[in-house]
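The values are calculated or read from the model by the stated rules, or taken from the named source; none is laboratory data. Just so you know, these numbers come straight off a predicted model, no measurement behind them. All Cβ positions, even for glycine, are placed from backbone atoms using ideal geometry, and neighbour counts span all protein chains on display.
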C-alpha cells in the first residue's frame, strides 16, 4: 500500500462516510507547473484517467518513514490579492524547485486548527503531525533531483502562523500585503471562496466575532476585519526569521532579495525567466496576459463602504505594519553598513 | 519489573513532535495516543530493544529524578502501553 503511494499526492483533505482523511491522486509525470496546485490537479484529471483513492490520516505517519522528501525552504504568507502568486511563480522558476501553491490539503488541515482543535489539546498535536506529514508527502522527490520546497499558503492560514512555525521553527517566512482599500476592492470585484465560505468559523476566529455575527457582516466589513487581523498578526509576530513585504515594493530585484532570504540564488537564466514572469498576469495558466498596474484604478473605484470599513478595521493595523517593515528595513540597512 | 522483553507492536507507528513529545497511532484500531516526553523516551527505548531497567537507567542519568520515582513512572507508562496493546512480548 505505502509503496503504491510513491508518486501519488494528497490533493485534498476530505471526509468520506464520516471518516476524515485525504484524497490522493496519481501524479506521476505531472510537474506542479501551474500558478495554483488545483490548476495542476485539474490538468492531470483532464489529461487522462488518473488513479484516485481515499486514505485516513494515519498513512501520513507511515509515509514519513519511507518517502524521500524535500525540507521546506521558504513559506509565503499573504493578505490576498497582493502579488503572492507572482512570488510563487518566481520560486517555481528556480531549477529543481517544488512550489505548493495553496494546496487544499495543507490549508484545510490548517483550518482544522481553528475548527477542531483546542489550544494545547491532543488534536492540536495530531493536526500538527498530519500537517507535517501532508507537506512531506507533497514535497516528495518524484523526479529525484528536487532541492527546494516552497509553500504558498492560502491567506487565512496566516492566522495560524504560530502553530505552523512550531512545526517548522527554522523555515524563513514572508508576509506579503497590500494597501487595504486596494485589497478590498479587488476582493469585492472578484469575490474569493474564502470570503463566502458557508462555514464561518475560520473567518469568525480571525476577526474575533461569533460565527453568527460573521455570517451577517457585509463582505466589505468581513474583508476589512480579516485584513486588519492579518496585518496585526504580522506586526506582532514578524521576527528576524521573517520578512515583511508590501505589494508596492515588488520588482525583480526585490524578488531576487526574497529568494536570497530563502537562501536560494537563481542563475542569470532563471532571473530572466522571473523578469519575464513579472510582466504578465501571474494567476493565469498560459502566462500570456500582460500585467497592468492597477493600484490607482482600485483606489478610484473604492466605494464609500469600502473606505469606511478599511478606515474602521484595517488602515491603522496596516500603518503599524508599514512602520515595522520600514524600521526593520532600516535596521537591515544599518547592519549592512 | 516483569516487562523487560517488550517491543513496540508492528501495527503501531510513532512520530516525534515538538521537541520531545510524540504521537502513536495504532493502525489496527485507528486510535491515536499523545505521548509526553517521558513516555516518548520509554517508547524509543523499547524500539531500540532496551529493557525497562535500561530505560530507567537512561532516565535517571539524563533527568533529575530519583530512581524509585523513575521506576514507578516507567512502569506505569509500560503498563499503559500493554493495556492498549501497543507493545508485545519479543
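Quick rundown of the values:
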read-out: Residue satisfying condition, being at pLDDT 95 or above, buried (at least 22 other Cβ atoms within 10 Å of the Cβ), in contact with a helix residue (DSSP H, G or I) (Cβ under 6 Å, 6 or more places away or on another chain) and not in a loop (DSSP other than H, G, I, E, B), within set A:76, A:98; value: A:76
read-out: Hey, residue A:133 over 13 Å from the mean Cα position of the chain (by Cα), surrounded by 19 or more Cβ atoms within 10 Å (Cβ to Cβ) and within 14 Å of chain B (Cβ to nearest Cβ) or not; value: yes
read-out: Residues of region B:41-62 satisfying the condition of being in a loop (DSSP other than H, G, I, E, B) and surrounded by 13 or more Cβ atoms within 10 Å (Cβ to Cβ); value: B:50, B:51
read-out: Options A:214, A:204; residue that is free of Cβ contacts under 8 Å to residues at least 12 places away in the same chain and within 26 Å of residue A:124 (Cα to Cα); value: A:204
read-out: Some residue of region B:41-58 being without any contact (Cβ under 8 Å) to a residue 24 or more places away in the chain and within 13 Å of another protein chain (Cβ to nearest Cβ); value: no
read-out: Any hit, region A:214-230, residues being more than 20 Å from residue A:88 (Cβ to Cβ) and in a loop (DSSP other than H, G, I, E, B); value: yes
read-out: Residue list for region A:217-254, filter: without any contact (Cβ under 8 Å) to a residue 12 or more places away in the chain and touching a helix residue (DSSP H, G or I) at 6+ places or on another chain (Cβ under 8 Å); value: A:217
read-out: Of residues in region A:51-73 being touching a residue at least 60 places away in the same chain (Cβ under 8 Å) and assigned to a loop (DSSP other than H, G, I, E, B), the one nearest to the other protein chains (Cβ to nearest Cβ); value: A:57
read-out: Residue within region A:159-166 that is in contact (Cβ under 8 Å) with a residue 12 or more places away in the chain, more than 13 Å from every other protein chain (Cβ to nearest Cβ) and touching a strand residue (DSSP E or B) at 6+ places or on another chain (Cβ under 6 Å) present; value: no
read-out: Subset of region B:4-40 (residues that are at the interface with chain A (Cβ under 10 Å from one of its Cβ atoms), out of contact with any strand residue (DSSP E or B) (no Cβ under 8 Å at 6 or more places or on another chain) and free of Cβ contacts under 8 Å to residues at least 12 places away in the same chain); value: B:18
read-out: Boolean, residue A:149 is buried (at least 19 other Cβ atoms within 10 Å of the Cβ), assigned to a strand (DSSP E or B) and under 14 Å from the mean Cα position of the chain (by Cα); value: yes
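Residue by residue, here is whether (1) assigned to a helix (DSSP H, G or I); (2) touching a helix residue (DSSP H, G or I) at 6+ places or on another chain (Cβ under 9 Å); (3) modelled with pLDDT of 95 or more holds:
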site	(1), (2), (3)
A:282	no, yes, no
A:285	no, yes, no
A:293	no, no, no
A:298	yes, yes, no
A:323	yes, yes, yes
A:335	yes, no, no
